[in-house]
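This report concerns only the one structure given below.
The values are calculated or read from the model by the stated rules, or taken from the named source; none is laboratory data. Keep in mind the model is a prediction, meaning the values are calculated, not measured. All Cβ positions, glycine included, derive from the backbone under ideal geometry; neighbour counts span all protein chains shown. Calculation scope for accessible area: heavy atoms of the full protein, side chains included, ligands and nucleic acids excluded. Shrake-Rupley method; radii C 1.70, N 1.55, O 1.52, S 1.80 Å.
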Amino acid sequence: MRLDRFIANLPQLNRQQTQRLLVERRVRVDGEPVTDGRHEVRVFSRIELDDELLQAGKPARYFMLHKPAGWVSATEHDEHPTVLDLLNEPDKHELHLAGRLDLNTTGLLLITNDGQWSRRLTQPQTHLPKVYRVETGEPILEEYIEAFARGLYFRFEDLTTRPARLRILDSHHALLTLVEGRYHQVKRMFGHFQNPVLRLHRQSIGPLQLDPALAEGAYRALRADELEALQRAVADASSADGLADGIEPD
Ligand code: URA
């Protein structure tokens with residue numbers, strides 16, 4: 001909501017008085033005076049008028065989890081435990097996932113109570129590179145590299161996948177970098193070559209690496225520097241277009 005609307009909603013204040021308070025620098029958001037009524041405030045914003053606290057601001061929470069296989073990426077499920085069951089946090093009902101992994105995929109999963117943050121991170125226009133380590137049932141052939149870079153046609157969605165980078169590690173292991181997240185995308189890309197994916201692990205999202213100190217099932221809060229780096233990467237990845245699409249050269 002705009003700051004001027006927030007203030008004008010207070011009892012006994014009209015729009016003119018609100019404008020004056022702003023011009024007189026008497027309103028502070030997160031400790032800083034704000035004079036522009038169009039400034040966006042959120043449930044996480046601390047808003048003060050002179051010495052009066054108008055809104056304390058709910059703490060925004062951001063976690064990285066090392067998802068184990070067998071835990072479902074959902075907040076509720078009839079059959080399987082959910083990744084939220086792994087968190088020992090208050091008010092878990094306020095948390096949601098910023099992206100999903102398949103039931104048997106392991107690796108980096110982000111959890112938050114900040115809907116705006118997770119939307120920006122996961123919306124299709126944000127081509128943030130995500131790196132997956134893949135183990136396959138059949139040998140991985142050189143020809144996959146070009147096919148993945150060119151893009152594969154997905155009949156169901158009637159689309160061609162965005163350029164993806166494949167780095168072959170050995171006959172049955174590779175790193176695959178995607179800038180989108182289609183349904184079962186990695187498995188379908190290897191499935192194009194009748195090569196089943198036996199294990200799939202997400203190592204990173206943009207600049208954020210899964211912390212090697214986190215065992216499967218463990219989680220921790222994101223640090224301020226990680227949040228800042230992610231925010232910068234999302235801004236860059238949203239403005240990037242064309243082939244590069246946020247994938248850095250090797
Ligand atoms: N691609 C898949 O096939 N599964 C995942 O969990 C993530 C990407």
Candidates L108, L10, filtered to the one that is of a type in the set (A, V, I, L, M, F, W, C) and either under 18 Å from the mean Cα position of the chain (by Cα) or in the same structural domain as A221 (by TED's automatic domain parsing) (or both): L108
Breaking point among (1) assigned to a helix (DSSP H, G or I); (2) within 15 Å of the ligand (Cβ to nearest atom), for A149: (2)
Count - residues of the range 113-145 that are of a type in the set (D, E) and open to solvent by less than 10 Å² (accessible area, probe 1.4 Å): 1
Residue list for the range 88-112, filter: more than 16 Å from the ligand (Cβ to nearest atom) and either assigned to a strand (DSSP E or B) or open to solvent by 20 Å² or more (accessible area, probe 1.4 Å) (or both): N88, E89, P90, D91, K92, H93, E94, H96, T112
Matching residues in the range 1-13 - criterion: being open to solvent by 70 Å² or more (accessible area, probe 1.4 Å) and of a type in the set (A, V, I, L, M, F, W, C): M1
Residues within the range 14-60 that are assigned to a helix (DSSP H, G or I) and open to solvent by 50 Å² or more (accessible area, probe 1.4 Å), tallied: 6
Only listed residue being of a type in the set (D, E, K, R), exposed (fewer than 14 other Cβ atoms within 10 Å of the Cβ), within 16 Å of H184 (Cα to Cα) and more than 21 Å from the chain's Cα centre (by Cα), chosen from D78, D158: D158
Matching option when the condition is closer than 22 Å to L121 by Cα and out of contact with any His (no Cβ under 6 Å at 6 or more places or on another chain), among Y183, Y153: Y183
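Yes or no, residue by residue, for (1) farther than 24 Å from Q19 by Cβ; (2) at pLDDT below 95; (3) outside the structural domain of Y132 (by TED's automatic domain parsing):
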{"position": "R38", "(1), (2), (3)": "no, no, yes"}
{"position": "S45", "(1), (2), (3)": "no, no, yes"}
{"position": "H66", "(1), (2), (3)": "yes, no, no"}
{"position": "W71", "(1), (2), (3)": "yes, no, no"}
{"position": "T75", "(1), (2), (3)": "yes, yes, no"}
{"position": "D78", "(1), (2), (3)": "yes, yes, no"}
{"position": "T82", "(1), (2), (3)": "yes, no, no"}
{"position": "N88", "(1), (2), (3)": "yes, no, no"}
Residues of the range 161-174 satisfying the condition of being under 24 Å from the mean Cα position of the chain (by Cα), surrounded by 15 or more Cβ atoms within 10 Å (Cβ to Cβ) and not small (G, A, S): T161, R162, P163, R165, L166
